[in-house]
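Below is one structure, written out as structure tokens; the observations come after it.
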Amino acid sequence: MSDKRIRALARCCVMSSDSSSASGLSVGLARIASYALACLVHLLGPAFLVVGVYLVFRLTPFAFFLGVVALGLAWLVRPRVPRFPADVQSLTREEAPNLYALLDRIGAGVGAPKTDVVALDGMVNAAFGTYGWRRRRLVMIGYPLWSILTPQERIAVLAHEMAHSSNGDARHGLLVGSALHSLRELREVTRLDWHEDDGLANLFAQALLALAALPVRVLSFALELLLHRSSQRAEYRADELGARVAGSRAMVSALDALTTRVPSAQGFLEPSAVVLGASDLWDKLQATVAEVPDEELERRRQAAREEKARVDGTHPPTYLRMDRVRRLPYVEGEVGVAEVEKVQPELEQAACRVAETVRDAARSALYH
């Protein structure tokens, strides 16, 4: 190799290293700023409380009014943690020992702590999170998603979600996570949702509350913006840890399912007479997803490849995640299909109850 080519390669390596260092530095600074902003969010409640008490005891009408408003805001921005989700079917270790054994094996592979509770619901999704002040660890399994995945893809999805507990994603931490949760609940509480038959007094009250909460909405936007870049990196890291456990081919296949099969499942579960009339909802869902022609699946893949990378999204484009996983060396995973097949009988009863919940929601949407 010529000296000129060696020098060119060296310059490229230096530029790549500098770029990576600069990117890492910017993400690190954004992470520090997000922690500082989360601390500020948690300080808002005590600050509003002190100001409110002071103004109320000034014993003047205007100060009393402002004090009541400040006390109301103190209550709204109080520290909150996620509650245990409603309308789910929980499974204990005694009810599903094979499922928990599978999760423990996956958790050991991705560095996640042991799961406290597993819950099934009717969403085409899966998630790992915590709830309550004791930070109990919860794995959410959307049974519609579970039913349309292969056993190895199920391992990949569970491994990816559980990896979020150990991949440095600040959104899942106590400080930032609880701040985000508080701000989201505040946005929902102060959302302007007025209808003509609510009356002008209700409109005035809602508008006043939304205006008073405007600074908090700005904080929420700023915190989300600071976390976007690190959240995208966390998704890549969760993919890598998931591929190590399930195998890179299984992870690529699971990501492809998000583009090709998930839209069909979501469309099927929209409230309709089909959902109400299906004697076996999950068999009907699987058949509907399997009937999608190859041409349509390829069209969806092409549309996903045309998606542009965004700096304001928590998830990078799926095709970029798939390209990255394909380059990983984990061809074979650490967890086998046989361990997943033991789980299915333990889910059957809970899956039937989830199906009834989906039908009830469809019935409510169609006839009310």
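If you take the Cα Rg of the chain and divide it by 2.2 N^0.38 Å, with N the number of residues, what do you get? Could you put the intermediate results ahead of the total?
Numbers: Rg = 24.4 Å, N = 368, 2.2 N^0.38 = 20.8 Å.
Expressed relative to 2.2 N^0.38 Å, the Cα Rg reads 1.17.
Roughly speaking, what is the stretch gain from Asp87 to Asp197, that is 0.36 nm per residue apart minus the C-alpha to C-alpha distance, in nm to one decimal? Don't skip to the answer; put the middle values down first.
Values: separation 110, 0.36 × 110 = 39.60 nm, distance 3.03 nm.
Using 0.36 nm per residue and subtracting the Cα-Cα distance, I get 36.6 nm.
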On the accessible surface of the stretch 71-137, probed at 1.4 Å, how many percent belong to carbon and sulfur atoms? 53 percent
Three-way shape call for the stretch 40-102 based on the alpha-carbon gyration tensor, with the a/c threshold at 1.5: prolate
Cα-only radius of gyration and Dmax that characterise the stretch 232-320, units Å: 15.6, 44
Note the full-extension length gain between Arg187 and Gln206 as 0.36 nm times their separation in residues minus their Cα-Cα distance, in nm to one decimal. 5.6 nm
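For a Förster distance of 22 Å, can you work out the FRET efficiency between the beta-carbons of Arg134 and His42, rounded to the nearest 0.05?
On the way: r = 18 Å, r/R0 = 0.84.
Calculated transfer efficiency: 0.75.
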Expressed as a whole-number percentage, the relative contact order of the chain with C-alpha contacts under 8 angstrom and at least six residues apart is 20 percent
Radius, Kirkwood style, for the stretch 74-201 when every pair of distinct Cα atoms is counted (Å): 16.4 Å
Residue by residue, what Karplus-based ³J(HN,Hα) values in Hz, rounded to whole numbers, does the stretch 238-243 have, using 6.51, -1.76 and 1.60 with θ = phi - 60° and x for Gly and Pro? 5, 4, 5, 5, x, 5
Extend 7 Å from the Cα of Ala33 along its Cα-to-C-beta direction; within the stretch 187-227, residues with backbone N under 12 Å of that point are 222-227
Rh by Kirkwood over Cα pairs, then Stokes-Einstein D for the stretch 134-283 at 0.890 mPa s and 25 °C, µm²/s: 130 µm²/s
So how far, in whole Å, is the C-alpha centre of the stretch 231-271 from the one of the stretch 60-89? 37 Å
For the stretch 322-368, which whole-number percentage of the solvent-accessible area (1.4 Å probe, protein heavy atoms only) is attributable to carbon and sulfur atoms? 53 percent
Among Ala234, Ala33, Ala254, the residue with the largest mean-square fluctuation in a Gaussian network model of the chain built from Cα contacts under 10 Å is Ala33
Bin width 5 Å, alpha-carbon pairs only: give the P(r) of the stretch 257-297 as whole percents, running from 0 to the bin holding the largest distance. 5, 24, 34, 22, 11, 5
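Could you calculate the FRET efficiency of Leu276 with Phe221 from 1/(1 + (r/R0)^6), where r is the beta carbon distance between them and R0 is 45 Å, rounded to 0.05? Walk me through the numbers before you get to the answer.
On the way: r = 40 Å, r/R0 = 0.89.
Plugging the Cβ-Cβ distance into 1/(1 + (r/R0)^6) gives 0.65.
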Given R₀ = 22 Å, what would the calculated FRET efficiency be for Glu334 paired with Asp104, taking r from the Cβ atoms and rounding to 0.05? 0.95
Between Glu291 and Gln266, what is the spin-label point distance in nm, taking each point 7 Å from the Cα along the Cα→C-beta axis? 2.1 nm
With every protein chain kept in place and a 1.4 Å probe, the chain has an accessible area per residue in Å² of 54 Å²
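The values are calculated or read from the model by the stated rules, or taken from the named source; none is laboratory data. Because the structure is predicted, anything quoted here is derived from the model rather than measured. So basically every Cβ, Gly included, is an ideal-geometry build from the backbone, and we count neighbours across all protein chains shown. Ligands, DNA and RNA are excluded from the accessible area calculation, which covers all protein heavy atoms including side chains. Shrake-Rupley method; radii C 1.70, N 1.55, O 1.52, S 1.80 Å.
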